[in-house]
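> The following block contains the structure, expressed as structure tokens.
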Amino acid sequence: MKYLNDYTEGERVVAFCLVKNKEAGVASNQSEYLNLELGDRSGTLMAKLWDVNAEMKDAIAVKTVVKIDAVVQLYRGKKQLVIQRIRPASASDEVMMESLIPVSPVPVDELWDKLEQKISSLQSATLKAIINEALADGEIRERIRQYPAGVRMHHNYYHGLLEHIVSLLTAAERLLPLYPQVDRDVLYATCIMHDIGKLYELSDPVAPDYTTPGQLIGHLVMGVEIVSSICRKLDIPMGDAEVLHLKHCILSHHGEVENGWGSAVSGKTPTAVLFHYLDQIDSKMNALGQTLADMGEDDEWAYAGVLKRKVWRGY
């Protein structure tokens, strides 16, 4: 099966796609057109739909599935679709969502098993209770199994957040023997809970955008609010040392406050400092891996948004 980014210039594309973005415009002849961002599991392509009417504009909505008949052309060196025909998908089309959005290459059940193994290894009754209570919430549990870790930068695909969590736990396990000053259980708990606020900072797992609470509060504070709510429910004292340490690691995991990356406080324990760098490594290496994977066979350089510079694939 071919996906959007598998097609080359001049090829006809008849496929189901997810509408990721929509922008209306007016051509020089005063006819209206749509600029669409269409996506499937291979990524996204920009598309142009000329001569649209009001009915068509209403029918093609963001986060809806459409069937297109289009041709691939190059515009300023990039592929785009020129749509000849388009219609909303119907239930009878039986479109599989997994074909429409990028998905983690690791099966979700495999990732979940690894997560549960790490949780069961925790020695702290307090931290284990907090995590288990969080995952006992059906909404949180399902969102962790579905949501990306971000909109654009890293692990930005279906159940990407779960992949990110498990990758962090794996890296933490391997580095812990080198740093005995780090609290193992708090580090594992931070790997699992550090981005739990993203489950409410982001709108959905299919075509995520930032929610109003996400923009006004941010996922670090939202994550700490979730931890505090669980502690109140379980009658765990807010002054408990492990709870304070976990909250501190969540609030500081974007690094030094002076960097302006969103931390509420700078890391003040070895565990918090180590976790910040683990998170940086995993997020940046994932984003760079995606950049390299998207390069053409003959490309030597590509711009990596996560680093705000070009990266070289000459090795």
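Just so you know, all these numbers are worked out from the coordinates, no wet-lab data involved. Fair warning: this is a prediction, and the values are worked out from it, not measured in the lab. Note that we place each Cβ from the backbone using ideal geometry, even for glycine, and neighbour counts take in every protein chain shown.
> When you take every Cα atom in the range 3-115, what is the radius of gyration, and what is Dmax, the widest Cα pair distance, in Å?
Cα-based Rg and Dmax for the range 3-115 come out at 15.7, 58 Å.
> Can you pull the one-decimal nm distance between simple spin-label points at Gln215 and Lys63, each 7 Å off the Cα toward Cβ?
Label-label distance for Gln215 and Lys63, simple model: 1.5 nm.
> Using just the Cα positions, wrap the chain in a convex hull and report its mean projected area in square nanometres, one decimal place.
In nm², the orientation-averaged hull projection of the chain is 19.6.
> Here's another thing I want to ask about it. Averaging sequence separations of C-alpha pairs under 8 Å and six or more residues apart, then dividing by the length of the chain, give the relative contact order as a whole percent.
11
> Check each of the trypsin sites (Lys or Arg not before Pro) in the range 2-38 and keep only those in coil by DSSP with at most 12 other C-beta atoms within 10 angstrom; list them in order.
Lys2
> What's the longest bit of the chain with no exposed GluC sites (Glu not before Pro), using DSSP loop states and at most 16 other Cβ atoms within 10 Å as the test?
95-255
> Which of the trypsin sites (Lys or Arg not before Pro) found in the range 224-283 are in a DSSP loop and have at most 16 neighbouring Cβ atoms, other than their own, within 10 Å?
Passing both the DSSP loop test and the Cβ count: Lys268.
> While we're looking at this one, here's another question. Mind checking which of Leu74, Leu288, Leu244 has the largest fluctuation in a GNM of the chain, springs on alpha carbons under 10 Å?
Leu74
> Please state the charge dipole magnitude for the chain, taken about the Cα centre, from unit charges on C-beta atoms (+1 on K and R, -1 on D and E), reported in debye and rounded to the nearest 20.
So the dipole magnitude of the chain works out to roughly 500 debye.
> Filter the trypsin sites (Lys or Arg not before Pro) in the range 120-186 to those in DSSP coil with at most 13 other Cβ atoms within 10 Å of their Cβ, and list the result.
Arg152
> Here is a further query. Which of the lysines could a cross-linker bridge to Lys118, judged by Cα under 19 Å and excluding same-chain residues fewer than eight apart?
Lys128
> Mind telling me which of Pro208, Pro102, Pro177 comes out most flexible in a GNM of the chain, alpha-carbon contacts under 10 Å?
Evaluated over the chain, the most mobile residue of the options is Pro177.
> Also, quick follow-up: Relative contact order for the range 4-99: what is it in percent, counting Cα pairs under 8 Å that are at least 6 residues apart?
Dividing the mean separation by the residue count of the range 4-99 yields 31 percent.
> Which of the lysines could a cross-linker bridge to Lys57, judged by Cα under 30 Å and excluding same-chain residues fewer than eight apart?
Reachable lysines: Lys2, Lys20, Lys22, Lys48, Lys67, Lys78, Lys79.
> Still on this structure, I have one more. Using only the Cα atoms of the range 103-194, build the gyration tensor, take square roots of its eigenvalues as a ≥ b ≥ c, and label the shape rounded, prolate or oblate: rounded if a/c is under 1.5, else prolate if a/b is larger than b/c, else oblate.
oblate
> Turning to a different aspect of this structure: Is the shape of the range 168-241 best called rounded, prolate or oblate, per the rule: a/c under 1.5 gives rounded, else a/b larger than b/c gives prolate, else oblate, with a ≥ b ≥ c the square roots of the Cα gyration tensor eigenvalues?
Note, shape of the range 168-241 comes out oblate.
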